[in-house]
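The values are calculated or read from the model by the stated rules, or taken from the named source; none is laboratory data. Everything quoted here is computed from the prediction, not taken from an experiment. Positions of Cβ are generated from backbone atoms using ideal geometry, with glycine treated the same way; all protein chains shown enter the neighbour counts.
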Amino acid sequence: MRGIGLIKMIIAKDLVKKYDTTCALKDASFTIEKGEWANIMGPSGSGKTTLLNLIGCLDSPTSGSLMVNGSETSKLSQKERTRFRRENIGLVFQQFHMIPHLTALENVMIAQYFHSIEDEKEAREALVHVGMGHRLHHLPSRLSGGEQQRVCIARALINQPQIILADEPTGNLDKKNEEAVLDIFRELHSEGRTIVIVTHNPEIGEIGDKIIQISHGEVNY
Ligand SMILES: Nc1ncnc2c1ncn2[C@@H]1O[C@H](COP(=O)(O)OP(=O)(O)OP(=O)(O)O)[C@@H](O)[C@H]1O
Ligand SMILES: [Mg+2]
């Protein structure tokens, strides 16, 4: 049947984030549909990470409304935010944040939320999914930057999140590894996941469905 509207995955309305005297986000309003790939772009210090951290429930807004996957997240307590994040969101950072004395497989397994005897199998599958099946028992120090980032993406996927958020995920990678990581995001996008990427890279901007441009905390949308 035609005429069925798109499902809104993220709806921000008049979102404000203040840090002491700095107003990092000023009345940001935008929507991101389910399955959409949105890129957040803007100069350094414009509020991109602030915005991604709010969507990812790592922080709460000073005021405004933020609906994510049908829940109003702005009013959640810290404990509720953590739970919501684990159930809905996969996070990928520019810095890999891996635990140095744990193997690739163990680094993925620590992200598991619903612990079961299936843990290791799932972690293995997530690593195979990102082309890292041959590096399961390597320590981070024995992986290249691109390989470490792929482990981090596997870790972000472990609880089957609907929403993948990434803050400059290719910022520390060379061209070849950047392409490998972007291919994984393309695949996740084709699986219908909602993807939000903070990037300075105009080439990534070209790939997405929409760009949320931000400057001095103001979203031009
Ligand atoms: N925890 C914090 N405490 C105080 N001020 C902060 C904090 N985090 C960010 N800011 C300020 O908020 C503004 C937006 O910062 P944010 O990190 O969101 O920028 P960004 O667009 O991600 O920049 P970059 O491209 O350099 O990563 C900046 O002025 C920054 O100094
Ligand atoms: Mg940033």
Worksheet item: From the set of residues in region 45-57 that are in contact (Cβ under 8 Å) with a residue 12 or more places away in the chain, near ligand 1 (Cβ under 6 Å from one of its atoms) and assigned to a loop (DSSP other than H, G, I, E, B), which is surrounded by the most Cβ atoms within 10 Å (Cβ to Cβ)?
Response: Gly47
Item to complete: Taking the residues in region 26-42 that are within 16 Å of ligand 1 (Cβ to nearest atom) and closer than 17 Å to Val196 by Cα as candidates, determine which candidate is farthest from the chain's Cα centre (by Cα).
Response: Ala28
Item to complete: Among the residues of region 16-44, count how many are away from ligand 2 (no atom under 16 Å from the Cβ), aliphatic (A, V, I, L, M) and either in contact with a Leu (Cβ under 7 Å, 6 or more places away or on another chain) or not in a strand (DSSP E or B) (or both).
Response: 1
Worksheet item: Of the numbered conditions (1) near ligand 1 (Cβ under 8 Å from one of its atoms); (2) surrounded by fewer than 22 Cβ atoms within 10 Å (Cβ to Cβ); (3) touching a residue at least 24 places away in the same chain (Cβ under 8 Å), Asp14 satisfies every one except a single condition; which is it?
Response: (1)
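Would you be able to tell me the number of residues in region 19-44 that are over 21 Å from Ile204 (Cβ atoms) and free of Cβ contacts under 8 Å to residues at least 40 places away in the same chain? If you could, list the steps in order and put the result at the bottom.
From region 19-44, those over 21 Å from Ile204 (Cβ atoms) are 19-27, 29; that's our starting set.
Filter once more, keeping what is free of Cβ contacts under 8 Å to residues at least 40 places away in the same chain: 19-22.
Going through region 19-44 one residue at a time, the tally reaches 4.
Say we look at region 58-95 and pick out the residues that are among the hydrophobic types (A, V, I, L, M, F, W, C) and within 16 Å of ligand 1 (Cβ to nearest atom); which of these is surrounded by the most Cβ atoms within 10 Å (Cβ to Cβ)?
Step one: list which residues in region 58-95 are among the hydrophobic types (A, V, I, L, M, F, W, C), which gives 58, 66-68, 76, 84, 89, 91-93.
Now restrict to residues that are within 16 Å of ligand 1 (Cβ to nearest atom): 58, 66, 91-93.
Values: Leu58: 16, Leu66: 23, Leu91: 22, Val92: 25, Phe93: 19.
Looking at residues that are among the hydrophobic types (A, V, I, L, M, F, W, C) and within 16 Å of ligand 1 (Cβ to nearest atom), I get Val92.
Identify, please: which residue in region 152-198 is within 16 Å of ligand 1 (Cβ to nearest atom) and surrounded by fewer than 22 Cβ atoms within 10 Å (Cβ to Cβ) and is, among those, farthest from the chain's Cα centre (by Cα)? Steps first, answer last, please.
We begin by selecting, within region 152-198, every residue within 16 Å of ligand 1 (Cβ to nearest atom); these are 165-172, 196-198.
Among the residues that remain, those that are also surrounded by fewer than 22 Cβ atoms within 10 Å (Cβ to Cβ) are: 167-168, 171-172.
Numbers: Asp167: 7, Glu168: 10, Gly171: 14, Asn172: 16 Å.
Out of the qualifying residues, it is Asn172.
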Worksheet item: In the set Asn69, Asn53, which member is under 13 Å from the mean Cα position of the chain (by Cα) and either within 16 Å of ligand 2 (Cβ to nearest atom) or at positive phi (or both)?
Response: Asn53
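Which ones in region 135-151 are basic (Lys, Arg) and surrounded by fewer than 23 Cβ atoms within 10 Å (Cβ to Cβ)?
Residues of region 135-151 basic (Lys, Arg): 135, 142, 150.
Result: Arg135, Arg142.
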Worksheet item: When the residues of region 199-221 are filtered to those that are of a type in the set (Asp, Glu) and either closer than 21 Å to Ser29 by Cβ or at pLDDT 95 or above (or both), which remaining residue is nearest to ligand 1 (Cβ to nearest atom)?
Response: Glu218
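Looking only at helices (runs of 4 or more DSSP H) that fall completely inside region 131-221, which ones have 2 or more residues that are within 16 Å of ligand 2 (Cβ to nearest atom)? Break it down into steps so the answer makes sense when it comes.
Numbers: elements: 145-157, 175-190, 202-207.
Where helices (runs of 4 or more DSSP H) fall fully within region 131-221 and carry at least 2 residues being within 16 Å of ligand 2 (Cβ to nearest atom), they are 202-207.
Being touching an Asp or Glu at 6+ places or on another chain (Cβ under 9 Å), surrounded by fewer than 20 Cβ atoms within 10 Å (Cβ to Cβ) and closer than 21 Å to Leu54 by Cα is the requirement here; does Glu218 meet it? Working first, answer last.
Values: touching an Asp or Glu at 6+ places or on another chain (Cβ under 9 Å): yes; surrounded by fewer than 20 Cβ atoms within 10 Å (Cβ to Cβ): yes; closer than 21 Å to Leu54 by Cα: yes.
Yes; evaluated as a whole, the condition is true for this residue.
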Worksheet item: Looking at Arg81, Arg86, which is the one that is out of contact with any strand residue (DSSP E or B) (no Cβ under 8 Å at 6 or more places or on another chain), in a helix (DSSP H, G or I) and within 25 Å of Ile184 (Cβ to Cβ)?
Response: Arg86
